Protein chains: 2
Amino acid sequence: MALENIVALVGGVGGAKLAHGLAQILPPERLTVIVNTGDDFWHYGLKICPDLDTVMYTLAGIVDRTNGWGLAGDTRAMLGAMGRFGETPWFGLGDQDIATHLLRSQALRSGETLTQVTQRLARALGIKPALLPMTDAEMPTMIETVEYGELEFQVYFVKHRWQPTVRAIRYANAESAAVSAAAATALERADAIVIAPSNPWLSIAPILAVPGMRDLLCRRDIPRVAVSPIIDGKAVKGPAAKLMSELGYGEVSARTVAAYYRGLINGYVYDERDAGQPIHEEDMQMVMFDTIMTTEGHRAVLAEKILHWIGSW
Amino acid sequence: MALENIVALVGGVGGAKLAHGLAQILPPERLTVIVNTGDDFWHYGLKICPDLDTVMYTLAGIVDRTNGWGLAGDTRAMLGAMGRFGETPWFGLGDQDIATHLLRSQALRSGETLTQVTQRLARALGIKPALLPMTDAEMPTMIETVEYGELEFQVYFVKHRWQPTVRAIRYANAESAAVSAAAATALERADAIVIAPSNPWLSIAPILAVPGMRDLLCRRDIPRVAVSPIIDGKAVKGPAAKLMSELGYGEVSARTVAAYYRGLINGYVYDERDAGQPIHEEDMQMVMFDTIMTTEGHRAVLAEKILHWIGSW
């Protein structure tokens, strides 16, 4: 089966890694990366899109490799100066990073869409695959916590270091959001859709919550595969495992994630470290790979294995 | 004569020095500094107030002493990163400096006046004298040049390094500007008004162009003194001398500046280096001092001499 056009749905660090793997092996015009923007927020008058920036900086090869986000070699002089004014900044904004936020904020204020400004910034950084926000609307992920009530995503995730207990997740403003034309076109032309090993509730669910997105995916009779972010009962990074138990999904496992994606995907990649607990789901092809992407080469290898596998269906 | 309340009208670097001299010798509640905001502009979505910031950073003791503006020890990582996006920044924005612009821009967008946010920022930096913009309105100084037509002030001053030939100066939007209540009150209560050795056309004239400002000054029967920015036919800093000849004011001299301020001031301070060309103006008391403020101590000495002199009238 010929797989011409690939669309990846991704969140932050884990998603960026798989997107980078795909970008390494595919001609750029064949790859579209649709990114979660539920984490986006306005902060000090700057529009900050953490996942878009993580993916953008990763694809451009300028990401801070230690953190997996932010710019390599960036400094924090602006944040330090906020202290003079009695501010206690809780969100990491690098000085170089601020250039991105300034240009984006200015463009949005002048009427450009997030899709337009993202493409402009990504191209300036030499990124050739299409990098698209899931929607041009603001659709903030809101986290209902036991301790603090409802929190904006970054307040939950960064300020409180995802320690509050999550009771529910709400995708605010979804009713007035829509899949952007560019994202819809990419999905309609896709020969395969790959859901990255990003947090299913915090990174992928916001994408799926954009009105029309789930339909666009499900009506395509093509490989639609997800990669498990859970390996051996633990999240590779971040709060996925903690969230699963807080939200009552039972067992924290790759199997539970597969069940969560039921009806959406027809293929599932989980880690060979979970070989002892084989997963079976009706209408879902299964495969095990080494999914931990510790090096840039690993990213390309995993992407290659996934595409080779679904190409053989 | 008792001089309780002093108001200084100031521009950028030279004005900041005299304001700092006054701040060193006066109880803070007796000093109000009214600053030119004709240089203000929006840049990359940030509201930048060069003169207010120069005065604020100088009074707070955190100014870059080499340049006389900007923050000591500041870096330019954000500006450097703009290059990645094809931008060629021409206005110096330090990384620490950006914190000021972000907080101010956010406050203005949320409805605070420039007076309010300036006072808040200045207090946070430990500045006790009142620091006030000349108006809360946007009243940009526009420079009509021979080479490029009309330019925004910073485009003329920074981007073109004040090299274009100036044909005329316009204070845009003056018709809808007004002296802020705080500035008006300070002028009504003033026991003396000191016009700093700032550029008469680019720094002081915009202040005087705010509707009502000139009346507020002239109807006060108190010492109203200006300090010459021209010494021995040259400007201490910046384009004052160049402008004088371009605008057809004839001889570039302290005398010409005195004539320019005719009707506004009743006292004039010029440098003792010009003792060979004594100045006489009707209705203007004259005095010569060493007006070059090379050290912080010199600033206080000059301020003290001026206040002592007008106290003896």
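The values are calculated or read from the model by the stated rules, or taken from the named source; none is laboratory data. Here the structure is a predicted model, which means the values were calculated and not measured. Note: ideal-geometry Cβ built from the backbone for every residue, glycine included; neighbour counts use all protein chains shown.
Taking A:Met142, is it more than 14 Å from chain B (Cβ to nearest Cβ) and within 20 Å of A:Ala8 (Cα to Cα)? Criteria not met by A:Met142.
Condition (residue is over 28 Å from A:Val146 (Cβ atoms), hydroxyl-bearing (Ser, Thr, Tyr) and assigned to a helix (DSSP H, G or I)) applied to the stretch A:184-193: is it met by at least one residue? Looking for residues that are over 28 Å from A:Val146 (Cβ atoms), hydroxyl-bearing (Ser, Thr, Tyr) and assigned to a helix (DSSP H, G or I), one finds at least one in the stretch A:184-193, hence yes.
Within the bounds of the stretch A:251-259, is there any residue that is surrounded by 16 or more Cβ atoms within 10 Å (Cβ to Cβ), over 18 Å from the mean Cα position of the chain (by Cα) and farther than 29 Å from A:Gln163 by Cα? No, the stretch A:251-259 contains no residue that is surrounded by 16 or more Cβ atoms within 10 Å (Cβ to Cβ), over 18 Å from the mean Cα position of the chain (by Cα) and farther than 29 Å from A:Gln163 by Cα.
For every residue, the table says whether it meets (1) in contact with a Ser or Thr (Cβ under 7 Å, 6 or more places away or on another chain); (2) outside any helix (DSSP H, G or I); (3) over 18 Å from A:Pro239 (Cβ atoms); (4) modelled with pLDDT of 95 or more.
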{"position": "A:Ala16", "(1), (2), (3), (4)": "yes, no, no, yes"}
{"position": "A:Thr32", "(1), (2), (3), (4)": "no, yes, yes, yes"}
{"position": "A:Thr37", "(1), (2), (3), (4)": "yes, yes, yes, yes"}
{"position": "A:Trp42", "(1), (2), (3), (4)": "no, yes, yes, yes"}
{"position": "A:Val55", "(1), (2), (3), (4)": "no, no, yes, yes"}
{"position": "A:Leu59", "(1), (2), (3), (4)": "no, no, yes, yes"}
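Considering only the stretch A:252-262, I want to know if a residue exists there that is in contact with a strand residue (DSSP E or B) (Cβ under 8 Å, 6 or more places away or on another chain), outside any helix (DSSP H, G or I) and closer than 14 Å to A:Ile195 by Cβ. Scanning the stretch A:252-262, I find at least one residue that is in contact with a strand residue (DSSP E or B) (Cβ under 8 Å, 6 or more places away or on another chain), outside any helix (DSSP H, G or I) and closer than 14 Å to A:Ile195 by Cβ, so the answer is yes. The selection criterion, being within 14 Å of chain B (Cβ to nearest Cβ), out of contact with any Cys (no Cβ under 6 Å at 6 or more places or on another chain) and either farther than 29 Å from A:Leu217 by Cβ or crowded, with 24+ Cβ neighbours inside 10 Å (or both), does not hold for A:Leu132.
Scan the stretch B:81-105 for residues that are over 21 Å from B:Thr54 (Cβ atoms) and facing chain A (nearest Cβ under 7 Å) and the total you get is 5.
Scan the stretch B:73-85 and give yes if some residue there is more than 30 Å from B:Val179 (Cβ to Cβ), hydrophobic (A, V, I, L, M, F, W, C) and part of a loop (DSSP other than H, G, I, E, B), otherwise no. Within the stretch B:73-85, not a single residue is more than 30 Å from B:Val179 (Cβ to Cβ), hydrophobic (A, V, I, L, M, F, W, C) and part of a loop (DSSP other than H, G, I, E, B).
The set of residues from the stretch B:106-126 being within 20 Å of the chain's Cα centre (by Cα) and either more than 9 Å from chain A (Cβ to nearest Cβ) or without any contact (Cβ under 8 Å) to a residue 12 or more places away in the chain (or both) comprises B:Thr113, B:Leu114, B:Thr115, B:Gln116, B:Val117, B:Thr118, B:Gln119, B:Ala122, B:Arg123.
Within the stretch A:276-297, being assigned to a helix (DSSP H, G or I) and without any contact (Cβ under 8 Å) to a residue 60 or more places away in the chain holds for one residue alone: A:Gly297. Take B:Asp39 and decide whether it is touching a helix residue (DSSP H, G or I) at 6+ places or on another chain (Cβ under 9 Å) and away from chain A (no Cβ under 14 Å). Taking the combined requirement at face value, the residue satisfies it.
Whether any residue in the stretch B:207-229 is under 22 Å from B:Gln163 (Cβ atoms), in a loop (DSSP other than H, G, I, E, B) and in contact with a Pro (Cβ under 6 Å, 6 or more places away or on another chain) is what I want to check. Looking for residues that are under 22 Å from B:Gln163 (Cβ atoms), in a loop (DSSP other than H, G, I, E, B) and in contact with a Pro (Cβ under 6 Å, 6 or more places away or on another chain), one finds at least one in the stretch B:207-229, hence yes. So is A:Gly70 more than 9 Å from chain B (Cβ to nearest Cβ), in contact with an Asp or Glu (Cβ under 6 Å, 6 or more places away or on another chain) and not aliphatic (A, V, I, L, M) or not? Yes: the conditions hold for A:Gly70. Among the conditions (1) over 26 Å from B:Ile98 (Cα atoms); (2) at pLDDT 95 or above; (3) surrounded by fewer than 21 Cβ atoms within 10 Å (Cβ to Cβ), the only one that B:Gly21 does not satisfy is (3).
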